[in-house]
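Take a look at the structure below.
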Amino acid sequence: MAAQIAEQESRSAELAQQIAAQTAELTALTRVRDAAAPAPEVADAGDDGIPQSPVAPEAAMVRRNPAQVDAALALAPALPPAGEQLTRLRDMLIQGHCPTEALAQVQDPINRQTLLALVSRLGGCRGS
C-alpha cells in the first residue's frame, strides 16, 4: 500500500510539473500572439469634437494566407458544393473579408456551424 501511495505521489508531482510547463508555454504563446496583433485604430476627433470614422473597410482589410483559408474551409461543415460559390467564398476570405459577410454571399441562410468553424480558425470581422 505504501508503494502505491509513493507511486501516486510521484505521478502527482510529475503532472504538476507538466502543468507548470504547459502553463508557461501558453503564457509565452499568448504574449507572442498579443504582440503580433495589430493595435486597434483610434478614431481621430474632427474639428467639431465628433470622432471621425476609421479607415474605410476596404482599406482596412488584411489579406489572409491562402493555406490558412484552405485549411479552415477543409474543416468547415456544410459548405456549398465545390464550384463557383466555394471559389467565391475562398477568394473573399483570402482578400480579408469578414467570414460572416463572405459566407452570406454564398449561403442563404448562413449555416451557423459553418460560420463558427470559419470564425474560430480565421478570426471574426475586423474594423467593425
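The values are calculated or read from the model by the stated rules, or taken from the named source; none is laboratory data. It should be emphasised that the depicted structure is a prediction, and the values quoted were computed from it without experimental measurement. As a convention, Cβ positions derive from the backbone with ideal geometry for all residues, glycine included, and neighbour counts pool all protein chains shown. Heavy atoms of the whole protein, side chains included, go into the accessibility calculation; ligands, DNA and RNA do not. Shrake-Rupley method; radii C 1.70, N 1.55, O 1.52, S 1.80 Å.
Treating only the Cβ of Lys, Arg, Asp and Glu as charged (+1, +1, -1, -1), what charge dipole size does region 66-128 show about its Cα centre? Round to the nearest 20 debye.
Dipole about the Cα centre, nearest 20: 180 debye.
Leaving out ligands and nucleic acids, note down the accessible area per residue over region 69-112 with a 1.4 angstrom probe, in whole Å².
56
Once you compute Rg and the Kirkwood Rh from C-alpha atoms, what is the Rg to Rh ratio for region 61-128?
0.91
Tell me, what ³J(HN,Hα) does each residue in region 73-83 have, in order and in whole Hz, if you take phi through Karplus 6.51 cos²θ - 1.76 cosθ + 1.60 with θ = phi - 60° and put x for Gly and Pro?
5, 5, 9, 7, x, 6, 7, x, x, 3, x
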